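Trainee: Pasting in a structure now, in structure tokens, and then I'll have a few things to ask.
The values are calculated or read from the model by the stated rules, or taken from the named source; none is laboratory data. Not measured: the values here are computed from a predicted model. FYI the Cβ positions are ideal-geometry reconstructions off the backbone, even for glycines, and counts take in every protein chain you see.
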Amino acid sequence: MNGSAAGQKTIRIASAGHAFFAVIMIGLGIQGLITRDFAPIWPPVPDGVPARGALIALCALVPLATGVGLLVRRTAAAAARVLLGYLVLWLLFVRLPLLVTAFAVNTWWSTCQISVMVAAAWVLYTWFATDRDRQRVGSLAGEAGVRIARALYGAALIPFGLAHFLYLENTAPLVPHWLGWPVGWSYLTGATFIAAGLAVLSGVWARLAAALVALQMGLFTLLIWVPIVAAGANESQWSEFVVSWALIAAGWVVADSYRGIPWLAVGSRRAQRLG
């Protein structure tokens, strides 16, 4: 009985999405330490980046430490703060400059991936923010922060959808043969990503859209990437598999941020109830 009570005081799980996201962060950190390379969510990284080895280590240690920290009541706020700061810095100083200097599908796709991760980290930050956080950054640790996180997420979903149309030759072959109609499924998936992004940005049926697009990413992973990995994936396919799980976890957290808001709310600006 005493052990159970102590465990409840130590562990803090705000939602299933929170727990899954933390586990994924831990996994990314472990992968980085084992491979001694950037986990799949971080590339592309310019070859000439200073202190590349130290940066690789940092990209492993930060997710690992913050992933563990997110699960512990006493450290959850600090972990969310550090993870959000690190992801924002990565977005601003690694991702966005590459959009200018080397604009290509891999750079804007990876920018959207990091934006999704930032969105999830920001939601978690608002959940665990302390009074000191709110004194320092005001509503960025509350309702305004949640709105920014959702906007980042919604904006990132639209390019995900456009890619299904622009790079149909890469998308259609991934559709399992037993489903048939590969071009149709590719177009449908792309359209739903775009529709979900617009819904999240506009606040029209945003909760439903966020939940369904997270479910879609989960089904996509289970139906496409799991069989590919089971059959023997190459390095690129394995990276996509890992990234898919990270995006599912992040999308789940954003979907959880709509708790308390009606599924079919139109234009609601209410933030999620802060934990």
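Trainee: Out of (1) more than 21 Å from C59 (Cα to Cα); (2) surrounded by fewer than 18 Cβ atoms within 10 Å (Cβ to Cβ); (3) in contact (Cβ under 8 Å) with a residue 40 or more places away in the chain, what's the single condition that is false for E169?
Mentor: Answer for E169: the failing condition is (3).
Trainee: Scan I24, I41, I34 and give me the residue that is surrounded by 18 or more Cβ atoms within 10 Å (Cβ to Cβ) and either part of a helix (DSSP H, G or I) or on the phi > 0 side of the Ramachandran plot (or both).
Mentor: I24
Trainee: Please give the number of the condition A231 fails out of (1) at pLDDT below 95; (2) among the hydrophobic types (A, V, I, L, M, F, W, C); (3) under 24 Å from I26 (Cα atoms).
Mentor: (3)
Trainee: How about region 148-183: which of its residues are in a loop (DSSP other than H, G, I, E, B) and among the β-branched types (V, I, T)?
Mentor: Answer for region 148-183, where residues must be in a loop (DSSP other than H, G, I, E, B) and among the β-branched types (V, I, T): just V175.
Trainee: Just a yes or no: is a residue in region 129-145 closer than 25 Å to L70 by Cα, outside any loop (DSSP other than H, G, I, E, B) and in contact with an Asp or Glu (Cβ under 7 Å, 6 or more places away or on another chain)?
Mentor: yes
Trainee: Are there any pairs, at least 6 apart or on different chains, whose C-beta atoms fall under 9 Å, with the first in region 149-160 and free of Cβ contacts under 8 Å to residues at least 60 places away in the same chain and the second aromatic (F, W, Y) and assigned to a helix (DSSP H, G or I), and if so, which?
Mentor: Qualifying pairs under 9 Å: L152/W122; L157/F193; I158/F193; P159/W108; P159/W109; P159/F193; F160/W109; F160/F193.
Trainee: Please indicate, with yes or no, whether at least one residue in region 168-176 is farther than 14 Å from L247 by Cβ, at pLDDT below 95 and of a type in the set (D, E, K, R).
Mentor: yes
Trainee: Looking at V49, V82, V88, which is the one that is β-branched (V, I, T), within 24 Å of D131 (Cβ to Cβ) and either assigned to a loop (DSSP other than H, G, I, E, B) or touching a Ser or Thr at 6+ places or on another chain (Cβ under 7 Å) (or both)?
Mentor: V82
Trainee: From the list L201, L247, which residue is under 24 Å from V23 (Cα atoms) and in a helix (DSSP H, G or I)?
Mentor: Selected residue: L247, the only one of L201, L247 that is under 24 Å from V23 (Cα atoms) and in a helix (DSSP H, G or I).
Trainee: Scan region 41-69 for residues that are among the small types (G, A, S) and either in contact (Cβ under 8 Å) with a residue 40 or more places away in the chain or more than 24 Å from I248 (Cα to Cα) (or both) and report the count.
Mentor: So the count comes out to 6.
Trainee: Specify the residue that is farthest from C112 (Cα to Cα); the eligible residues are those in region 186-202 that are surrounded by 19 or more Cβ atoms within 10 Å (Cβ to Cβ) and not polar (S, T, N, Q).
Mentor: Only one residue tops the list, namely A199.
Trainee: All but one of (1) at pLDDT 95 or above; (2) touching a Phe, Trp or Tyr at 6+ places or on another chain (Cβ under 8 Å); (3) loosely packed, with under 14 Cβ neighbours inside 10 Å hold for G145, so report the exception by its number.
Mentor: (3)
Trainee: Would you check if there is a residue in region 70-79 being closer than 30 Å to A51 by Cα, in contact (Cβ under 8 Å) with a residue 12 or more places away in the chain, surrounded by 21 or more Cβ atoms within 10 Å (Cβ to Cβ) and of a type outside the set (G, A, S)?
Mentor: yes
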